[in-house]
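Enquirer: The following block contains the structure, expressed as structure tokens.
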Amino acid sequence: GGNGEKQFFVERPENVRVENGHLVIEARKGRFESMGQVRDYTSARLRTKHRAEWTYCRVEVRAQLPTGRGIWPAIWMLPSDWVYGAWAASGEMDILEAVNLTDEADKIIHGTLHYGREWPANVQSGASYDFGDVDPRETFHTYAVEWGKREIRWYVDDIHYATQKSSGWYSQVLGDDGFFEDVPGDAPFDQRFHLLLNIAVGGNWPGPPDSSTELPVEFEIDHVRVFQ
């Protein structure tokens, strides 16, 4: 993973499995070596690229979130073809991100779009959902987006908490004259995207785990459904 994350994503039963009818993604502490590098954490990332890709759909994932400082579960979508350029000119759609869900912290999740130009001139916009007295680490909840041609809506348990419209997002590419130009239409969210599920450990947003972080932690997923 990027973003200053501390884990290796690996394919082994300790990190990803189906258990009691649920998909379990598990982040663990333990030395792991790969490609000449050593890291102290392992986790898993699943993606549907080359298996299932969509343009406009409703995606819903019923899941129970992991706990701990430095723990960063995500349900998100990336473009399969990158027709408008490298990240984030071709877009990124975050259905759910949660960071540092601890006993002391507010229980908040985030839904975000990334777009604009290629990094580092990219931008983002989004909203958060506050569970209040409900703890998403202890119960399953359904996280969803409805992605239409000119509008994307975010839901938690069918509660609509955010909307973004194509009038607010954009993609810019470098023209022949050396100036950036807006791509016409609803770019970048008018192309095929695929789904990703993972837990990151550490990173620029949550910061590293600390002495309060008890590993392993599990991101437990009851179902993933996509409607068109």
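The values are calculated or read from the model by the stated rules, or taken from the named source; none is laboratory data. The structure presented is a predicted model; accordingly, all values stated were derived computationally and were not measured. Because the Cβ atoms are built from the backbone with ideal geometry, glycine has one as well, and the counts that use them run over all protein chains shown. Each accessible area value is taken on the protein alone, full model and side chains, heavy atoms only, with ligands, DNA and RNA left out. Shrake-Rupley method; radii C 1.70, N 1.55, O 1.52, S 1.80 Å.
Enquirer: Given a Förster distance of 22 angstrom, what is the FRET efficiency for Asp222 paired with Arg17, based on the Cβ-Cβ distance and rounded to 0.05?
Expert: After rounding to 0.05, the efficiency reads 0.90.
Enquirer: Right, another one. Among Phe193, Phe180, Phe140, whose mean-square fluctuation peaks in a Gaussian network model of the chain (Cα, cutoff 10 Å)?
Expert: Per the Cα network of the chain with a 10 Å cutoff, Phe180 tops the list.
Enquirer: Kindly give Rg over Rh for region 1-71, based on alpha-carbon atoms, with the Kirkwood expression for the hydrodynamic radius.
Expert: Expressed as Rg/Rh, it is 1.01.
Enquirer: Once phi is turned into ³J(HN,Hα) by the Karplus curve 6.51 cos²θ - 1.76 cosθ + 1.60 with θ = phi - 60°, what whole-Hz value does each residue of region 72-80 show in order, with x for glycine and proline?
Expert: After applying 6.51 cos²θ - 1.76 cosθ + 1.60, I find 9, x, 8, 10, 8, 9, 10, x, 8 Hz.
Enquirer: Treating only the Cβ of Lys, Arg, Asp and Glu as charged (+1, +1, -1, -1), what charge dipole size does region 1-88 show about its Cα centre? Round to the nearest 20 debye.
Expert: 160 debye
Enquirer: Another question, then. Note down the magnitude of the dipole of the chain about its Cα centre, charges +1 on Lys and Arg C-beta and -1 on Asp and Glu C-beta and zero elsewhere, to the nearest 20 debye.
Expert: Dipole magnitude for the chain comes out near 540 debye.
Enquirer: I would also like to ask the following. Where the accessible area of region 1-157 is counted over protein heavy atoms with a 1.4 Å probe, how much of it, in %, is carbon and sulfur?
Expert: 44 percent
Enquirer: Restricting everything to alpha-carbon atoms, can you work out Rg to Rh for region 53-113 with a Kirkwood hydrodynamic radius?
Expert: In region 53-113, Rg relative to Rh is 1.06.
Enquirer: Another question, then. For the chain, what's the relative contact order in percent, using C-alpha pairs closer than 8 Å and at least 6 residues apart?
Expert: 32 percent
Enquirer: Taking GluC sites (Glu not before Pro) as exposed when DSSP calls them loop (any state but H, G, I, E, B) and at most 14 other Cβ atoms lie within 10 Å, what is the longest stretch of the chain free of them, the sites themselves excluded?
Expert: Here the longest run is 15-103.
Enquirer: Please report the net charge: other residues with Cβ closer than 13 Å to the Cβ of Ala74, K and R +1, D and E -1.
Expert: Within the 13 Å Cβ shell, the charges total -2.
Enquirer: Evaluate the charge dipole of region 71-162 about its Cα centre and quote only its size in Debye, nearest 20, assuming +1 on the Cβ of each Lys and Arg and -1 on the Cβ of each Asp and Glu.
Expert: Magnitude of the dipole: close to 520 debye.
Enquirer: For volume of the Cα convex hull per residue in Å³, the listed values are (i) 134; (ii) 117; (iii) 183; which was obtained by calculation from the structure presented?
Expert: (i)
Enquirer: Rg over Rh of region 140-228, using C-alpha atoms and the Kirkwood radius, what does it come to?
Expert: My calculation puts Rg/Rh at 1.08.
Enquirer: Shifting gears a bit: How much accessible area does Tyr56 have with a 1.4 Å probe, in Å² rounded to the nearest 10?
Expert: The value for Tyr56 is about 60 Å².
Enquirer: Additional query: Once the dipole of region 100-211 is set up with Lys and Arg at +1 and Asp and Glu at -1 on Cβ about the Cα centre, which of Tyr115, Val173, Gly126 lies farthest towards its positive end?
Expert: Going by the charge dipole, the pick is Val173.
Enquirer: Next question, about the same structure. Given just the C-alpha atoms of region 111-169, how large is their convex hull per residue in cubic angstrom?
Expert: 102 Å³
Enquirer: Rounded, prolate or oblate: which fits region 61-176 when a ≥ b ≥ c are the square roots of the eigenvalues of the alpha-carbon gyration tensor, with rounded for a/c under 1.5 and prolate only if a/b beats b/c?
Expert: In terms of gyration-tensor shape, prolate.
Enquirer: Counting only other residues whose beta carbon sits under 15 Å from that of Arg117, what net charge do I get with K and R as +1, D and E as -1?
Expert: My count for the surroundings of Arg117 gives -4.
Enquirer: Counting Lys +1, Arg +1, Asp -1, Glu -1, what net charge surrounds Glu151 among other residues with beta carbon under 13 Å of its beta carbon?
Expert: +2
Enquirer: Something else: Select from Leu101, Gly85, Ala44 the residue farthest towards the positive end of the dipole of region 31-108; place +1 on Cβ of Lys and Arg, -1 on Cβ of Asp and Glu, and compute about the Cα centre.
Expert: Ranked along the dipole, the leading option is Ala44.
Enquirer: What whole-number value in Å² describes the accessible area per residue of region 86-152 for a 1.4 Å probe?
Expert: Computed with neighbouring chains in place, this is 43 Å² per residue.
Enquirer: Also, quick follow-up: Name the residue from Ile221, Asn204, Gly148 whose Cα lies farthest towards the positive end of the charge dipole of region 117-228, charges +1 on Cβ of Lys and Arg and -1 on Cβ of Asp and Glu.
Expert: Gly148
Enquirer: Something else now. Quick check: from the Cα gyration tensor, does region 171-221 come out rounded (a/c under 1.5), prolate or oblate?
Expert: Taking the square roots of the gyration eigenvalues as a ≥ b ≥ c, region 171-221 is oblate.
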